[in-house]
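Only one structure is covered here, and it is reproduced in the block below.
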Amino acid sequence: MRCFNGCILLGKHWIHQIRRDKHSDYTQPNISEVDEKLEQFSYSTVPLHVRDDSFVAGIEGHDALARPSKPFRLLRIFPTIGLNGLLECHIRTAELNETQIGKYDALSYTWGPTTQHEEKMGMNAERRHIIICNGKQLSVTENLSNCLTQLRENGYYRDLWVDAICINQDDQNERAEQVSIMGDVYRSAECVIVWLGAADDSTPLANELLGRLDKLSNRNLETIKPQACDNKHNTDLLGSANSHEHWNALVSLFERRWFTRAWVVQELVLARETNVLCGRYEFDWETLVSISDHMAKQTSVNTYAKQCSFKKPAKLAAVKQDILDGTGKILLRSLIRCRTYEASDPRDKVYSLLSLVNHRSNGDLRLNPHYDSNIADIYTGIAEYLLEDSDDLHVLAHAEGDKFRSVEGLPSWAPDWSVNKDLGLRITGYTRYKAAGQLPSFQEIRDKHTLVLSGFKLDTISRIGETKEYVNETKDCSDWLDMRDELEREYPHRDHKDAFWRTLLLDTGPHGVVPIKKPWESAFEVWMKRCSHEPSDKEKERANEYETSFTHSLNLCLLRTTGGHLGCGTPSSKKGDSVWIVQGSRVPLILRPTSSGIGEQTTYNLVGGTYLHGFMQGEALEGREFGEISLV
């Protein structure tokens, strides 16, 4: 792991002067402490669109403006200390074009507190700290003030794009205009500086552990079991860094708020180079991704009280890889992967990702930010776009029913992206399944957002079990076992024990193998402490592997059908809902009849997608007749 060592980063312009024995407290005067005679900065003094007199000269009767194609503002920090010890900087207008590419950097950060501790100490997203900009006072958030102060201490005096300063946040029209080019801003920057926040007491420990992990070969890294602090092999490779304090410090680093913001996705994914700062510490992004990916594969969410934060760098890297590979459906895949990310404005759950696809949108107005638009209209429009832009119906599997909806007015088939939960089967793309075989997708949107599909009813849900989340927390699976025993009595010729453990894992083994090759029935029994003997070390290890796979998708409930089949679906499911095979959908869909239909035709609400054991590879298609289904 690399720390600032007086090096020149990126070849020429980063001069780091780190005093390792001295922490900066980033003390900045409050607004009330600033000389009242210092005028307020006005964006009118640095307009985005300026008059070009040479263009209008000689054109009688015209008062035109020559508008650069993509104007934006850039900030530069001065080495000098201004009035009352304030940080001084200068802001200017520039044009985003080929001559500008690579001549500036862009900042990626959070407006408000970066840790729970900072939040408890009163840090917020209010602009209460003052910097001097073009000789005038400009208010910024405390975290941004901390960042700019650290950059000045690092000797950073290069052009920098910072959204809170370079965009007039009080002008909705300018905000919408600048948001539409933010992808180009980050794509054209030479480097994106990721500011995780000021360092705290855990940061040196995280830095030490990352340094040890980074030195391991890939082969040795694969043998490391996170949080196995009593493991001699771990300690031999990691030394004193193999402690609970070090591993928890690393998770705390991944828990920082930057990793939860919806906007960081495009800021990171579009970056040509990335430099990650946490106070005076610098981290290599590729190392963070590598360790995050390793922990995601080796660690159950039960290992840490801090949920799945350690997976987030790997998740961001996967989005970036989609773009580098030219993978289709980038917007949908990114929306699915980043569903847990937060945005103060629900519109930004979509708008923050539009730059990933706008270069190929062919001017589709649904992919332009409109902050005065209704949230339901935006989400519906995006769902329609995703259906039209795809050759399948994958987006429908991510509309998870009434338990996961907060936006009113959405049709049931449009996902509510404002819900910050990991939903569905947690398998991006669902490409390992083909419940409808190779049949082409059929969909038509009619008046009042009625979606017409083609499919057939396969079965009806007759019983809903507990959620995986509940069983994971309580280790009480008695209801599930009763459901399994019930099926064994009704259908004794089937292997329900095998179907049971496979269904809970969606029949997906390590590295996405379908179906699972090695039987894991006993691993479930050991994990749930239901086996009748003292398990061996190998059995315990197998149980840990089962737990890791089981906890990957917790927002699912076990269900059975009248036909005697087991499935895993959204907790929004109810007894009496029907399971359908739909042309173009890789997984069966759960539908619920509405109270009223269109004419004599029954209409349905979409409840969500599901895994139904024995019907995920087209087994139900033979001899079936497809008919129209209307979703509202």
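No lab work stands behind these numbers, since they all come straight from the coordinates. This one's a predicted model, so the numbers in the text were calculated from it and none came from an experiment. Glycine also receives a Cβ, built like all others from the backbone with ideal geometry; neighbour counts cover every protein chain displayed.
Its Cα gyration tensor gives the stretch 58-184 an equivalent ellipsoid; the semi-axes, largest first and in whole Å, are 30, 17, 15.
Note on Ile81 and Glu408: with the Förster distance fixed at 41 Å, the Cβ-Cβ geometry gives a FRET efficiency of about 0.20. Which one, Val357, Leu335, Val587, projects farthest toward the positive side of the charge dipole computed for the chain from Cβ point charges (K/R +1, D/E -1)? Towards the positive end, the residue furthest out is Val587.
Taking all Cα-Cα distances within the stretch 403-511, those exceeding 15 Å account for 79%.
Rounded to the nearest 10 degrees, the angle from helix 244-254 to the longest Cα principal axis of the chain is 70 degrees. The relative contact order of the stretch 321-419 comes to 28 percent, based on Cα pairs under 8 Å that sit 6 or more residues apart. Taken about its Cα centre, the stretch 337-467 carries a charge dipole of roughly 460 debye when the Cβ of each Lys and Arg holds +1 and the Cβ of each Asp and Glu holds -1. Each pair of Cα atoms in the chain enters the Kirkwood radius, and Stokes-Einstein at 4 °C and 1.567 mPa s then converts it into a translational diffusion coefficient of 48 µm²/s. Here is the P(r) of the stretch 423-481: all C-alpha pair distances, binned every 10 Å from 0, give 14, 25, 36, 19, 5 in whole percents. Relative to the longest principal axis of the Cα atoms of the chain, the long axis of helix 537-550 lies at roughly 70 degrees.
Relative to the dominant Cα principal axis of the chain, helix 203-214 is inclined by about 60°. Here, the stretch 450-631 has an Rg and a Dmax of 17.7, 64 Å when only alpha carbons are counted. Placing +1 on each Lys and Arg Cβ and -1 on each Asp and Glu Cβ, with no other charges, gives the chain a dipole about its Cα centre of roughly 1160 debye. Modelled label positions at Lys517 and Lys448, each set 7 Å beyond Cα in the direction of Cβ, lie 5.4 nm from each other. Restricting things to alpha carbons, find the Rg to Rh ratio for the stretch 334-464 using the Kirkwood radius for Rh. Using Cα coordinates only, the ratio equals 0.95. With a ≥ b ≥ c the root eigenvalues of the C-alpha gyration tensor of the stretch 148-241, is it rounded (a/c under 1.5), prolate (a/b larger than b/c) or oblate? Prolate, because a/c is 1.5 or more and a/b exceeds b/c. The label point for Tyr470 and the one for Glu119, both projected 7 Å from the Cα toward the Cβ, are 2.8 nm apart. Note on Glu286 and Asp485: the extension gain reaches 66.8 nm, defined as 0.36 nm multiplied by sequence separation minus the Cα-Cα distance. Once C-alpha pairs closer than 8 Å and six or more residues apart are averaged by separation and normalised to the residue number of the chain, the relative contact order reads 12 percent.
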